[in-house]
Amino acid sequence: MAKAFRLPDLGEGLTEGEVARWLVAEGQTIAEDEPLVEIQTDKATVEIPSPFAGTVLEILVAEGEIAPVGTNLVVIGEPGEAAAGASSNKLLQASGPPAGELGSSDKLLQGSGALASEAERRVQATPVVRRIAQDLGVDLGAVTGTGPGGRITEEDVRGAGVPGEGDGRREPLRGVRRIVAEHMARAHREVPPVTWVEECDLDGIPLERLLSAVVKACADCLPEFPELNARLERDAIVYLERYDMGIAVQTDEGLVVPVVRDAASKSVEELGEEIARLAERARARALEAHELRDSTFTVTSAGKLAGLFQTPIVNHPEVAILSVGRVAPRPVVRDGEIVVRAMGTVAITFDHRVVDGARAAAFGLAVISRLQSARARST
């Protein structure tokens with residue numbers, strides 16, 4: 001008998017995932033434990049193996065669509081079974097009966113137990129797309145599906161009835177870009193941010209060592225400013241006693257933030273090696289979930305692309321982030337004379353619910369002092 005495979009619980013408190021890439025096609029034979037699908041979460045991309053052996057009868061959730069945990073993703077069985085259960089399986093909600101054999105008329109039952117209408121049977125759409133349509137008030141019966149076999153996709157629903165939808169090229173938010181958008185929107189919505197900026201004399205610090213030097217300076221200063229290495233949880237501030245630094249890395253798919261563990265115990269050289277390793281893995285899409293979670297403070301630098309300074313968004317649920325602006329030769333006054341130095345800027349955006357402005361400024365000045373002391377030692 002044909003079996004439906006549901007999106008499993010991926011741990012980490014995750015409630016949904018995006019189908020990043022199917023590793024099989026309809027009609028393909030697959031063995032048990034053979035790679036089946038890649039699921040993108042807000043932590044990492046996870047490859048899920050097939051729990052069954054057989055033929056892929058129907059893929060129920062298209063690439064780029066978001067599925068709650070428990071949603072039927074695919075039907076696997078023997079050739080010729082598709083008509084017996086695959087299409088009707090699209091009508092099962094995530095709260096329906098457990099994954100397994102597809103039987104008789106109960107395949108058409110919604111999670112509420114009511115028999116689906118004939119119109120609903122004719123509409124080809126996954127439970128996820130039906131939920132989105134309901135949230136947006138879109139009548140699926142009036143939507144023309146552009147997916148395989150006329151299936152209605154999430155993009156079809158979101159584009160239905162949108163004024164000016166024919167203007168320009170439409171590209172749905174997917175993968176890392178969708179996760180970044182959701183994460184940043186949540187941070188901007190929940191965090192009252194303030195940004196503090198100051199100049200920093202970085203003359204003598206090689207640019208290739210700048211990021212690791214900044215991370216080291218931050219990790220060494222944070223014990224003196226525990227409120228910047230904290231979390232706001234309901235009505236309490238949780239002060240963290242570990243210094244795991246998030247490093248913003250730009251990839252072809254968007255911004256990711258791998259984590260350097262126990263940064264305070266590492267030298268600048270060790271930090272440089274670890275940052276380079278994580279950045280390489282990030283750009284190769286090889287980061288594992290544990291390398292992307294539980295940072296306590298984030299550092300970001302756009303290198304040559306950086307402007308004079310930035311006002312970065314706090315990496316929720318952290319309460320502060322530090323960015324380094326563009327380093328360039330600039331005229332400055334030293335001992336009453338104008339000299340040319342390699343100057344940059346240090347900017348700190350912080351959650352004003354947890355961090356006072358004076359404390360953020362004092363932390364920023366402490367970081368700058370350490371950087372300039374390191375510059376003096378290197379010269």
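The values are calculated or read from the model by the stated rules, or taken from the named source; none is laboratory data. The structure presented is a predicted model; accordingly, all values stated were derived computationally and were not measured. Quick reminder, even Gly has a Cβ in these numbers, built from the backbone with ideal geometry, and neighbours come from all protein chains shown. Keep in mind that these areas ignore ligands, DNA and RNA; they rest on the heavy atoms of the full protein, side chains included. Shrake-Rupley method; radii C 1.70, N 1.55, O 1.52, S 1.80 Å.
Would it be correct to say that Arg285 is of a type outside the set (A, V, I, L, M, F, W, C) and at pLDDT below 90?
Yes: the conditions hold for Arg285.
If I filter region 77-89 down to residues being more than 10 Å from Ala4 (Cα to Cα) and modelled with pLDDT under 80, which single residue comes out as least open to solvent (accessible area, probe 1.4 Å)?
Ser88
Return a yes/no flag: does region 299-308 have any residue that is open to solvent by 50 Å² or more (accessible area, probe 1.4 Å), of a type in the set (Lys, Arg) and in contact with a strand residue (DSSP E or B) (Cβ under 9 Å, 6 or more places away or on another chain). Walk me through it before giving the result.
Here is the first cut: in region 299-308, the ones open to solvent by 50 Å² or more (accessible area, probe 1.4 Å) are 302, 304-305, 308.
Now restrict to residues that are of a type in the set (Lys, Arg): 304.
Those still in the list that are in contact with a strand residue (DSSP E or B) (Cβ under 9 Å, 6 or more places away or on another chain) too: none.
No, region 299-308 contains no residue that is open to solvent by 50 Å² or more (accessible area, probe 1.4 Å), of a type in the set (Lys, Arg) and in contact with a strand residue (DSSP E or B) (Cβ under 9 Å, 6 or more places away or on another chain).
Of these, Val74, Val56, which one is surrounded by 13 or more Cβ atoms within 10 Å (Cβ to Cβ) and within 28 Å of the chain's Cα centre (by Cα)?
Only one candidate passes the filter, namely Val74.
Only strands (runs of 3 or more DSSP E) wholly contained in region 286-379 count here; list those with 3 or more residues that are farther than 22 Å from Ile275 by Cα. Please lay out each step first, then the result.
Values: elements: 297-301, 320-324, 328-334, 337-351.
Output list reads 328-334, 337-351.
Scanning region 326-341 for residues that are free of Cβ contacts under 8 Å to residues at least 60 places away in the same chain and open to solvent by less than 60 Å² (accessible area, probe 1.4 Å), which turns out farthest from Ala217 (Cα to Cα)?
Residue satisfying both the conditions and the ranking: Val339.
Can you name the number of the only condition in (1) open to solvent by 90 Å² or more (accessible area, probe 1.4 Å); (2) out of contact with any Ser or Thr (no Cβ under 6 Å at 6 or more places or on another chain) that Ala264 fails?
Failed condition: (1).
Please go through (1) under 22 Å from Arg242 (Cα atoms); (2) among the hydrophobic types (A, V, I, L, M, F, W, C); (3) touching a Pro at 6+ places or on another chain (Cβ under 6 Å); (4) assigned to a strand (DSSP E or B) for Leu278 and return the number of the only condition it doesn't satisfy.
That leaves (4) as the condition not met.
How many residues are outside any loop (DSSP other than H, G, I, E, B), surrounded by 13 or more Cβ atoms within 10 Å (Cβ to Cβ) and at pLDDT below 80 when one looks only at region 137-180?
10
Just checking, how many residues over region 1-33 are on the phi > 0 side of the Ramachandran plot and at pLDDT 85 or above?
Summing the residues that are on the phi > 0 side of the Ramachandran plot and at pLDDT 85 or above in region 1-33 gives 2.
List the number of the failed condition for Leu115; all other conditions in (1) in contact with a helix residue (DSSP H, G or I) (Cβ under 9 Å, 6 or more places away or on another chain); (2) open to solvent by 20 Å² or more (accessible area, probe 1.4 Å); (3) over 27 Å from Leu36 (Cα atoms); (4) at pLDDT 50 or above hold.
If we test Leu115 against (1) in contact with a helix residue (DSSP H, G or I) (Cβ under 9 Å, 6 or more places away or on another chain); (2) open to solvent by 20 Å² or more (accessible area, probe 1.4 Å); (3) over 27 Å from Leu36 (Cα atoms); (4) at pLDDT 50 or above, just (4) comes out false.
Scan region 42-53 residue by residue and report those that are assigned to a strand (DSSP E or B) and either more than 14 Å from the chain's Cα centre (by Cα) or at pLDDT 90 or above (or both).
Selection gives Glu47, Ile48, Pro49.
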